[in-house]
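Single-structure report; data block below.
The values are calculated or read from the model by the stated rules, or taken from the named source; none is laboratory data. No experiment lies behind these values; they were computed from the predicted model shown. With ideal geometry, Cβ positions are generated from the backbone for all residues, glycine too; neighbour counts draw on all protein chains shown.
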Amino acid sequence: MSNAERTVLAGARVVLPTGVVDNGYLAVEHGRIAATEAPADSPVGSAPALDLSGHTVVPGFVDMHTHGGGGASYATGTAEQVLTAARTHLLHGTTTTIASTVTGEIDDLCRQAALLGELAEDGVIAGVHFEGPFISINRCGAHDPDLLRDPDPAVVRKLVEAARGHAKMVTLAPELDGGLESIRMLADLGVIAAIGHTDSTYDAALAGVEAGATVATHLFNAMPGIGHRAPGPVVALLEDERVTVELIGDGVHLHPAVVDLAYRGAGVDRIALITDAMAAAGFGDGDYMLGPLAVEVREGVARLAEGGSIAGSTLTLDVAFKRAVTVNQLPLAEVVRMLSANPARLLGIDDQVGSLAVGKRADLVVLDADWNVAGVMRGGAWAVGAERFAPARAA
């Protein structure tokens, strides 16, 4: 094997599935992790190790809920926009992306799903998440209320099938007509049923979980708050061990104290940090479209031009990681699970990504002492940091 096919990283703090290792070691060969411990004797012809002292190496982030970035949207139905959005999040450490749609006409969503399914086959994204139109008009947020509909199982199946085997998740409101039947059908199809944008009661949310729902779409947002006599869906979803809760960790959607509440209530293995990002993520303030709705982004906060509802986020997962470690002061290894291992497990792809383990795809993020991205590797190739790190691979 030539040195050009092998990369060795050493000296960094490395977060492995077994814990955090100081002065760690990683060897990458042919796009996969070949070793997480240094050999007793360096093999002849081995590539020299790249010294990453002062850095931390974590698995590539897995975002199971994002609508776009870099000025582009997954809902436009063009391959160029999908490539731009996925590339933008990759530069911020997200090596595995699920593309989320927004409420639209069913035929339009089917066309979007077909394109996204094709790009999933090409490895650009890892699957499709349908957020809407099967949601409550009372909690629709940045979804066009005129396009909402009850979750008729036949229509839900039509969308799933349009994604060419790459539908990963459908968000719906279980209290709507057809909601529970659709959840059961999705569970039978092996597609995640997520409860979100719901006006459900505590009991209705529990019924959704009993039917097979396993994810809470951006918990707390677009659902009733906790009442001391009417606990609502938040309490039902937090307390049920079958449910993983999504949290948008941008400091806008959730106060840090609420993130801490969810952490204590659900536990580390039942949290997935997401972005719910729209086109402005990684791009900046300005005027955008989220599906058919106009959005104004000012000082990094996205709101509907009409009505002022929060319209997704401008978050990238490197920022969510940094906030979890520095603002909420959560343990490093646990934050890694929330951003990588947990969503990978939910999506059924943890045999390939989500942790730094031998045999898995070499997806990793190199962070500096201030938790900023210094390098991103996907499939053994540097997406960020090639000019800094790649030369050290030479013999």
Fill in: Hits in the range 23-38 - residues which are of a type in the set (D, E, K, R) and in a strand (DSSP E or B)
Glu29, Arg32
Item to complete: For residues that are modelled with pLDDT of 95 or more, in a loop (DSSP other than H, G, I, E, B) and of a type in the set (Gly, Ala, Ser), scanning just the range 54-76, find the one that is farthest from Arg361 (Cα to Cα).
Response: Gly71
Practice prompt. Evaluate the following for Thr103: is it of a type outside the set (Asp, Glu), touching an Asp or Glu at 6+ places or on another chain (Cβ under 8 Å) and in contact (Cβ under 8 Å) with a residue 60 or more places away in the chain?
Written response: yes
Fill in: Those residues of the range 83-100 which are among the small types (Gly, Ala, Ser), in contact (Cβ under 8 Å) with a residue 60 or more places away in the chain and touching a helix residue (DSSP H, G or I) at 6+ places or on another chain (Cβ under 9 Å), in sequence order
Gly93
Item to complete: Considering only the range 63-95, state which residues are more than 13 Å from Val128 (Cα to Cα) and either of a type in the set (Lys, Arg) or under 14 Å from the mean Cα position of the chain (by Cα) (or both).
Response: Gly69, Ala85, Arg87, Thr88, His89, Leu90, His92, Gly93, Thr94, Thr95
Item to complete: Assess whether Ala279 counts as being part of a strand (DSSP E or B), hydrophobic (A, V, I, L, M, F, W, C) and surrounded by 16 or more Cβ atoms within 10 Å (Cβ to Cβ).
Response: no
Fill in: Top-ranked residue of the range 126-181 - restricted to ones that are in contact with a Leu (Cβ under 8 Å, 6 or more places away or on another chain) and charged (D, E, K, R), ranked as surrounded by the most Cβ atoms within 10 Å (Cβ to Cβ)
Lys168
Worksheet item: So is Val327 within 25 Å of Asp285 (Cβ to Cβ), in the same structural domain as Gly284 (by TED's automatic domain parsing) and modelled with pLDDT of 95 or more or not?
Response: yes
Discussion item. Being of a type in the set (D, E, K, R), out of contact with any helix residue (DSSP H, G or I) (no Cβ under 6 Å at 6 or more places or on another chain) and not assigned by TED's automatic domain parsing to the domain that holds Thr244 narrows it down to one residue among Glu80, Glu37; which is it?
Written reply: Glu37
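Could you tell me which of the residues Val215, Val268 is among the hydrophobic types (A, V, I, L, M, F, W, C), surrounded by fewer than 21 Cβ atoms within 10 Å (Cβ to Cβ) and in contact (Cβ under 8 Å) with a residue 40 or more places away in the chain?
Values: Val215 fails: surrounded by fewer than 21 Cβ atoms within 10 Å (Cβ to Cβ).
Result: Val268 is the single residue among Val215, Val268 that is among the hydrophobic types (A, V, I, L, M, F, W, C), surrounded by fewer than 21 Cβ atoms within 10 Å (Cβ to Cβ) and in contact (Cβ under 8 Å) with a residue 40 or more places away in the chain.
Consider Gly196 carefully, then state whether it is buried (at least 19 other Cβ atoms within 10 Å of the Cβ), under 25 Å from Gly127 (Cα atoms) and more than 22 Å from the chain's Cα centre (by Cα). Show your work before the answer.
Working: buried (at least 19 other Cβ atoms within 10 Å of the Cβ): yes; under 25 Å from Gly127 (Cα atoms): yes; more than 22 Å from the chain's Cα centre (by Cα): no.
When the stated conditions are applied, Gly196 does not pass them.
Matching residues to (1) over 17 Å from His197 (Cβ atoms); (2) within 19 Å of the chain's Cα centre (by Cα); (3) part of a helix (DSSP H, G or I); (4) of a type in the set (A, V, I, L, M):
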{"residue": "Ala222", "(1), (2), (3), (4)": "no, yes, no, yes"}
{"residue": "Ala230", "(1), (2), (3), (4)": "yes, no, no, yes"}
{"residue": "Val258", "(1), (2), (3), (4)": "yes, no, yes, yes"}
{"residue": "Leu261", "(1), (2), (3), (4)": "yes, no, yes, yes"}
{"residue": "Gly265", "(1), (2), (3), (4)": "yes, no, yes, no"}
Worksheet item: Picking from Ala120, Ala86, Ala154, Ala113, which residue would you name as being farther than 30 Å from Trp382 by Cα, part of a helix (DSSP H, G or I) and not assigned by TED's automatic domain parsing to the domain that holds Val366?
Response: Ala154
Worksheet, complete the sentence: By my count, helices (runs of 4 or more DSSP H) wholly in the range 286-395 with at least 2 residues that are under 18 Å from the mean Cα position of the chain (by Cα) are 317-326, 332-336, 342-347
Worksheet item: Scanning for something in the same structural domain as Val124 (by TED's automatic domain parsing), closer than 18 Å to Thr94 by Cβ, crowded, with 19+ Cβ neighbours inside 10 Å and of a type in the set (A, V, I, L, M, F, W, C), does the range 283-299 turn up at least one residue?
Response: yes
Worksheet item: Among (1) out of contact with any His (no Cβ under 8 Å at 6 or more places or on another chain); (2) within 30 Å of Ala362 (Cβ to Cβ); (3) among the aliphatic types (A, V, I, L, M), where does Leu159 come up short?
Response: (2)
Discussion item. Yes or no: the range 120-135 includes at least one residue that is closer than 24 Å to Val234 by Cβ, at pLDDT 95 or above and among the charged types (D, E, K, R).
Written reply: yes
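Glu246 - would you say it is touching a residue at least 12 places away in the same chain (Cβ under 8 Å), assigned to a loop (DSSP other than H, G, I, E, B) and within 22 Å of Pro343 (Cα to Cα)? Even if it seems obvious, please write down each step before you answer.
Details: touching a residue at least 12 places away in the same chain (Cβ under 8 Å): yes; assigned to a loop (DSSP other than H, G, I, E, B): no; within 22 Å of Pro343 (Cα to Cα): yes.
It is false that Glu246 is touching a residue at least 12 places away in the same chain (Cβ under 8 Å), assigned to a loop (DSSP other than H, G, I, E, B) and within 22 Å of Pro343 (Cα to Cα).
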Worksheet entry | Failed condition for Leu261, given (1) out of contact with any strand residue (DSSP E or B) (no Cβ under 8 Å at 6 or more places or on another chain); (2) surrounded by fewer than 16 Cβ atoms within 10 Å (Cβ to Cβ) | (2)
